């Protein structure tokens, strides 16, 4: 996947998590790595940049068992930014879905089409 | 862990970052790695989880993005400003083509003899409004094609821009072509022969008397439609809810939803096609002559008080309930 594109999506994921509730750094990395391949670690730079830009603020909270956790909180500016990004994403994915749906809305329908098409091809071949 | 942190520090020193920033980052990493180890991360997998120090340093040390301009000026409520006034030829078909992103667009009727367009809470310079060959065009200049609206949504700062398009009472609208991203659309008291609406997250409200063919594509926005008569209505939504009420349709009503619910009340039509994945479909006083119902896990229930025959063309469901009840 194009790196720029991936970064954009990851940024949106990070913001979505923080729009839900405060998270600490490793928690974000851990949860995201379950769904996307983030081994080339791009999460922390995103957190740092958005914090610098005033979209997140941070606070430390000691954990029961050792190292303190740095929690990230979304600011009002962050929410405004999130809404814009989210809109862009919704528009993009909405457009993509209008096209994707043309392939068939459900797997079942795609299979049917596939069966019908390949049948036709066999007939043509003969 | 210390080796990773030292490597990281060395890599960061090769970038433009200051010593203070470098120590700040290394501290963050120390905490995160400790959190990770406490939660059971194998020390061998530190680099796997946290990334190669060189790529990390490149990402952190790379030229920073320009900070955004100061928070958007929350403009004081503006009043309506007229931005266009046109003579519509009632002998020719009159159309309206709108392509916008976040703006609320209201289409309505006026006693005025001219077509009037007004803007509220927005900068008219961001839009192009024209009237040529009896077609009104309103376009957000930042928008052209999907990619354009992609950028448009980024650039457009103001959130509550509203357009009012007032059509003279005597004029019949041949067509409304409306594309929007997150802006709401409202049509009130207009007779429209052909309506094509496409929106992502904007809500659509339609109140009409006589409608012709209506086609709506939505993703997460809701649809609320009430009219007296219409010929054909076809809409498809992904997660938005739809409500259709008080319409006598001459021909077909076609509805498809993925997870949104559909409510139908006091509607009659010739043929109705319903397709739902997980959304529920509820019909009250809903009298199609023929009906085809399809659902994966959503329930489709029609409850009527009058005993009019409904011919079921197709009925298919995986785990949803499909019921037609006549009292």
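Every read-out reported here was derived from the displayed coordinates using simple, explicitly stated rules and does not represent laboratory data. No experiment lies behind these values; they were computed from the predicted model shown. Quick reminder, even Gly has a Cβ in these numbers, built from the backbone with ideal geometry, and neighbours come from all protein chains shown.
Laid out as a table, the results:
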item	result
Label-point gap, in nm, between residue B:6 and residue B:250 - each point 7 angstrom along Cα→Cβ	8.4 nm
Cα→Cβ-extended label distance, 7 Å offset, between residue A:109 and residue A:5, nm	2.4 nm
Gain on full stretching of the segment that runs from residue B:16 to residue B:137 - 0.36 nm per residue minus C-alpha separation	38.5 nm
Estimated FRET transfer efficiency when R0 is 35 angstrom, pair residue B:97-residue B:285 (beta carbons, to 0.05)	0.45
Cα gyration tensor, chain B - rounded (a/c under 1.5), prolate or oblate	oblate
Ranked A:57, A:88, criterion: other C-beta atoms within 10 Å, fewest first	A:57, A:88
Protection proxy ranking, peptides B:256-263, B:180-187, average beta carbon neighbours within 10 Å, highest first	B:180-187, B:256-263
Relative contact order %, chain A, counting alpha carbon pairs below 8 Å whose residues are six or more apart	22 percent
Residue-averaged beta-carbon neighbours from other chains (10 angstrom radius) around B:48-57	4
Packing-based ranking, highest mean first, of B:82-89, B:237-244 given that Cβ atoms within 10 Å are counted	B:237-244, B:82-89
For A:76-89, mean number of other protein chain Cβ atoms within 10 Å	4
Length-normalised contact order of chain B in % [C-alpha pairs under 8 Å, at least 6 apart]	9 percent
Length gained when the stretch residue B:243-residue B:114 is fully extended (0.36 nm per residue, less Cα-Cα span)	43.2 nm
Efficiency of FRET between residue B:266 and residue B:169 - r from beta-carbon atoms, R0 30 angstrom, step 0.05	0.65
P(r) of the protein assembly as shown over all Cα-Cα pairs, binned every 20 Å from zero, in whole percent	21, 41, 31, 8, 0
Using alpha-carbon coordinates, inclination of helix B:19-38 to the longest axis of chain B, degrees	80 degrees
Chain A: angle of helix A:43-52 to the longest principal axis, Cα-based, in degrees nearest 10	50 degrees
Label point distance in nm, residue B:37-residue B:209, each placed 7 Å from Cα along Cα→Cβ	7.8 nm
Nearest-ten-degree value, helix B:145-155 long axis tilted from longest Cα axis of chain B	60 degrees
Average beta-carbon neighbours from other chains, 10 Å sphere, peptide B:191-201	2
